[in-house]
Amino acid sequence: MASEERLRDASYKATDFDPRAAEGPPARARAVVVGGGIIGASAALHLAGLGWTDTVVLERGRVGGGTSWHAAGLMTRTRGTHAQTELASYSRDFYRDVAGLSGVDIGYYPNGSLSLARTPERLTELRYALTLARHHDLPARELSLDEIAAVSPLLSAGDLAGGVLFEEDATLNPGWAAYATAKAAHDFGVRVVEGVRVTGFRLETTPRGLARVTAVETDRGDVECEVVVLAAGLWTRELALLAGARVPLHPAEHYWAQTEPIDGATRDLPIVRDLDGSIYVRHYRGGLLVGAFEPDGRPRTVASIPQDFAFGEFEPDLEHFGRPLARARERVPALERAAFVHYLCAPESFTPDGNFVLGETGEVAGLFVAAGMNSQGIILGPGVGRALATWIDEGAPAEDVADVDVRRFSPAQANAGYLFERTTESLGRLYAMHWPFLQPGTARGLRRVPLADRLAAAGAVFGEAAGWERADWYAPPGERPEYEYSYGRQNWFAAVAAEHHAAREGAALFDLSSFAKLRVEGPGALAGVQRVFTADLDRPPGAVVYTSMLNTRGGVELDATVTRLEEDAFLIVTSAAAQAKAFHWLRRHAGPGVVTDVTSGMAVLSVTGPRSRELLAGLTDASLDDADFPFAQARTIDVGWATVLALRISFAGELGWELYVPLESVPVLYDQLIAAGQAVGLRHAGYRALDGLRAEKGFIHWGLDAGPADTPYEAGLAATLALDKPGGFIGREALLATGPPRRRLVPLLLEDPDSPLYHGETVLQGGRIVGRVTSGAYGHTLGAAAGLAAIQGEPAAVDEIVTGGEVEVEIAARRVPARLGARPFYDPEGARLRGG
Ligand SMILES: Cc1cc2nc3c(=O)[nH]c(=O)nc-3n(C[C@H](O)[C@H](O)[C@H](O)COP(=O)(O)OP(=O)(O)OC[C@H]3O[C@@H](n4cnc5c(N)ncnc54)[C@H](O)[C@@H]3O)c2cc1C
């Protein structure tokens, strides 16, 4: 029987996976994986590969019978980021080889994939992907329209702007891929038990209220365990809630349709992605399979999906699916005459930012998740299973998982109503233009800063981060306060230039209220923060210290500023996206200090620029002189009618103060700052300007420039290490045992004033790839895009590259000359920050 025919082979459904299944689940296992889809099977297999053979997979129905059963089987290697391209690349190789491992033929066929552009902007986007593919040595090339017609003769290509062929992409049978992966896990000693429903969890709670999972409860008995992996697809959010963890994902309908055989529909036809048409087309059993990523997606509540849903389908709404299908007929004229033999509508789950969720939940130790695959579970599944298994085995992630870490979301984002509305656009997002700075169009306003209305009146254009609405930039009077997207300069370029210059030359006001703010206090607080953070925090009250928090592998989990408020009280400030991680991490590791999340009680206004002192001096009796109020110090002072905690620091790299103020006092503080600010030309400024200012200074952006797989030496954070402080810190031993750094973050400046930098672009020297840009933004003082690049190699090799002359940056398949710097290009001594 050909493998594709087995997809619908009913005999499989009737067969128990594991001959021991009749016995039910074991009473104990080291790890329990909930869900036997591609993700659960892969997690189990990779755990077994690391020696965790005492693992059991509990599947309510049949292995592969969830969403994995319905996938279209598109396998592609190039994704939007380096990290996910590496995961997908591994996945492709895994699928190529899994038949040998499991004895199950998954119908893997390397027919390649062709992404089409209907517009020049989309072609630019594809060229970014081309650069990424080349970086990873994945064969890909841009095709002319004639070449497109030659590789895919069924296409109507005349209206296209172009296309890119990814030669090593493939198709496969997804249900059998899940089955084969589970079979391989089984052969490694994992128990795969079908027909067992997980109904709850047993937790043990410490006197400090910290929870750890100790067992899963099922309809066929409990299984004690050390670790649980929730890989239950669209049911993961509801299951996690039973344990007290909030995991934001939500199901939506997803469609494809299969035709009868069509002349010329051979299996060698590459997969076609007509991204602007929101459709894809692949060969399937002598015919074609047409799938849609329509912009008007249809969320389904979990309650509307039967609990025993397995191999299931929903009634398709042909009016809804008819719209993308009409576009498919334009692209592939043979579809006009073809009869469709199967319309499929099945659920897949999506997250608020389009990335999956991975890792240990903050709320419950030992409870891991791998779910919310945003219609890429087949593409990423083997890589995701490997990344998770390593995380579990080593106690910390070994790969760059910053943008998929389950703790990046606010608990507020697991709200069902918010998720339902956001999910209307999630499906379409996959094929929509991936513009730089693209903002969600739905479910906005979940978390607003107290000054939102005032900032909006000043022209603020908001961007979303961890559910917060933050002022990204301010539209000048007469201009529409809206993003107009482009891969070139966007409509805010001039406005942000003015904000930038205000911060460098006058004074600028940033609302940074979305910062995560946590207090650690009480007896033992010092010992707790000393253990968690890398710097020596035993400084006199008033000291503000920039530091980092490491995992046990020595990887950077976040960066933060820590202020010693009193002998036994510390204020920790970190990024909005690190709020949940920092809170749970501190609760777990900073004992016996008491940890309180005060994010929602405090607003933050940053006043920065050479005239910021003059501005504040008019509103306070406190001395702001360098002698009385030096850099990296905090004081409680009156500013106008507000009493604030003022920190003399600035992410813009200028003289400046961050003012931490109770929510109820921020309106009066703001009004008085704005009124007094007229005299110094104070200007509102937003996150776009802040990004350019910090890029010029070479300040890191955690998540882009650094993440849990980087040591502080690799992440430009060596200065935050106090290796000799009493008692050490988490990650210190691993750092001491680790070999030399494998890369270094280095400031980079383009020579061309017009080219943009975002992140991920390739850095070359003498035609050889030497690294990649980790973050970049336009530097209005330097007059070109600036940023940081991770240059590969041990320290001497990196030195040689940095001093070795000009480099080039490949941006959307075009090379642009650039310079690397041993030190930041703007104010390398930090004189402006330290001495006013
Ligand atoms: C129409 C369609 C086309 C798609 N095409 C592609 C594609 O071409 N490429 C691609 O990469 N992705 C594609 N996807 C997405 C892909 O199928 C999913 O991302 C992937 O299958 C998710 O795998 P999973 O293991 O997370 O979920 P699932 O396969 O749903 O597995 C989860 C399992 O958990 C089990 N479970 C749930 N609750 C419990 C419980 N309480 N106790 C025990 N077990 C439980 C379920 O029964 C289920 O088997 C497509 C999806 C759809 C719907």
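Looking only at residues in the range 53-74 that are in contact with a Leu (Cβ under 9 Å, 6 or more places away or on another chain) and more than 6 Å from the ligand (Cβ to nearest atom), the one that is farthest from Arg28 (Cα to Cα) is Trp69. When each of Gly677, Gly716, Gly727 is tested for being over 25 Å from Arg823 (Cβ atoms) and part of a loop (DSSP other than H, G, I, E, B), the lone residue that passes is Gly727.
May I ask you to list the residues in the range 376-403 that are aliphatic (A, V, I, L, M) and open to solvent by 20 Å² or more (accessible area, probe 1.4 Å)?
Ala398
Could you list, in sequence order, the residues of the range 730-745 that are in a loop (DSSP other than H, G, I, E, B) and open to solvent by less than 30 Å² (accessible area, probe 1.4 Å)? Hits for the range 730-745 are Ile730, Gly731.
If you go through the range 340-380 and pick out every residue that is under 16 Å from Asp405 (Cα atoms) and either more than 11 Å from the ligand (Cβ to nearest atom) or part of a strand (DSSP E or B) (or both), you end up with 21.
For the range 785-792, state whether one or more residues are farther than 22 Å from Phe651 by Cβ and either at pLDDT 95 or above or among the aliphatic types (A, V, I, L, M) (or both). The answer is yes; a qualifying residue exists. Of the residues examined, Glu194 is not one that is under 26 Å from Pro26 (Cβ atoms) and without any contact (Cβ under 8 Å) to a residue 60 or more places away in the chain.
The residues of the range 61-87 that are within 19 Å of Gly49 (Cβ to Cβ) and buried (at least 24 other Cβ atoms within 10 Å of the Cβ), listed by number, are Val63, Leu87.
If only residues of the range 128-167 that are open to solvent by less than 20 Å² (accessible area, probe 1.4 Å) and not hydrophobic (A, V, I, L, M, F, W, C) are counted, the one that is nearest to Asp263 (Cα to Cα) is Ser152. A residue that is at pLDDT 95 or above, open to solvent by less than 10 Å² (accessible area, probe 1.4 Å) and either within 16 Å of the ligand (Cβ to nearest atom) or outside any helix (DSSP H, G or I) (or both) occurs nowhere in the range 3-26. Picking from residues in the range 636-678 that are surrounded by 18 or more Cβ atoms within 10 Å (Cβ to Cβ) and among the acidic types (Asp, Glu), the one that is nearest to the chain's Cα centre (by Cα) is Glu658. Leu682 satisfies every condition listed in (1) closer than 30 Å to Val807 by Cβ; (2) open to solvent by 30 Å² or more (accessible area, probe 1.4 Å) except (1). For the range 129-178, filtered to residues that are closer than 18 Å to Arg92 by Cβ, of a type in the set (Asp, Glu) and at pLDDT 95 or above, the residue that is farthest from the chain's Cα centre (by Cα) is Glu167. Restricting attention to the range 626-646 and to residues that are in a loop (DSSP other than H, G, I, E, B) and not charged (D, E, K, R), the residue that is nearest to Ser410 (Cα to Cα) turns out to be Ala632. Scanning the range 434-481 for residues that are farther than 24 Å from Glu421 by Cα and open to solvent by 40 Å² or more (accessible area, probe 1.4 Å) gives Arg454, Ala457, Pro477, Gly478, Glu479, Arg480. Taken over the range 180-196, the criterion of being within 32 Å of the chain's Cα centre (by Cα), open to solvent by 20 Å² or more (accessible area, probe 1.4 Å) and either more than 14 Å from Val33 (Cβ to Cβ) or among the polar types (S, T, N, Q) (or both) is satisfied by Lys183 alone. Have a look at Gly731, Gly739, Gly727, Gly716 and point out the one that is small (Gly, Ala, Ser), touching a residue at least 40 places away in the same chain (Cβ under 8 Å) and under 20 Å from Ile801 (Cβ atoms). Of Gly731, Gly739, Gly727, Gly716, the one residue that is small (Gly, Ala, Ser), touching a residue at least 40 places away in the same chain (Cβ under 8 Å) and under 20 Å from Ile801 (Cβ atoms) is Gly716.
Restricting attention to the range 381-416, the residues that are more than 15 Å from the chain's Cα centre (by Cα) and away from the ligand (no atom under 16 Å from the Cβ) add up to 13. Among residues that are outside any strand (DSSP E or B), aromatic (Phe, Trp, Tyr) and open to solvent by 20 Å² or more (accessible area, probe 1.4 Å), Tyr778 is not included. Selection of the range 30-52 for residues being within 15 Å of the ligand (Cβ to nearest atom) and out of contact with any helix residue (DSSP H, G or I) (no Cβ under 7 Å at 6 or more places or on another chain) yields Val32, Gly40.
Restricting attention to the range 411-436, the residues being closer than 25 Å to Asp559 by Cα and touching a strand residue (DSSP E or B) at 6+ places or on another chain (Cβ under 7 Å) number 1. Under the condition of being surrounded by fewer than 24 Cβ atoms within 10 Å (Cβ to Cβ) and either within 11 Å of the ligand (Cβ to nearest atom) or part of a helix (DSSP H, G or I) (or both), the residues counted in the range 199-226 number 6. For the range 546-569, a residue qualifies if it is among the basic types (Lys, Arg) and either open to solvent by less than 20 Å² (accessible area, probe 1.4 Å) or under 20 Å from Ser650 (Cα atoms) (or both), and exactly one does: Arg564. A search for C-beta distances below 6 Å between a residue of the range 309-338 that is closer than 29 Å to Gly65 by Cα and any residue that is of a type in the set (S, T, N, Q) and part of a loop (DSSP other than H, G, I, E, B), counting only pairs 6+ apart in sequence or on different chains, returns Pro324/Ser278.
The values are calculated or read from the model by the stated rules, or taken from the named source; none is laboratory data. Note that the structure is a prediction, hence the values are computed from the model and not measured. Please note: Cβ atoms are built from the backbone with ideal geometry, for glycine as well, and neighbour counts cover all protein chains shown. Side chains included, ligands, DNA and RNA excluded: accessible areas come from the protein's heavy atoms. Shrake-Rupley method; radii C 1.70, N 1.55, O 1.52, S 1.80 Å.
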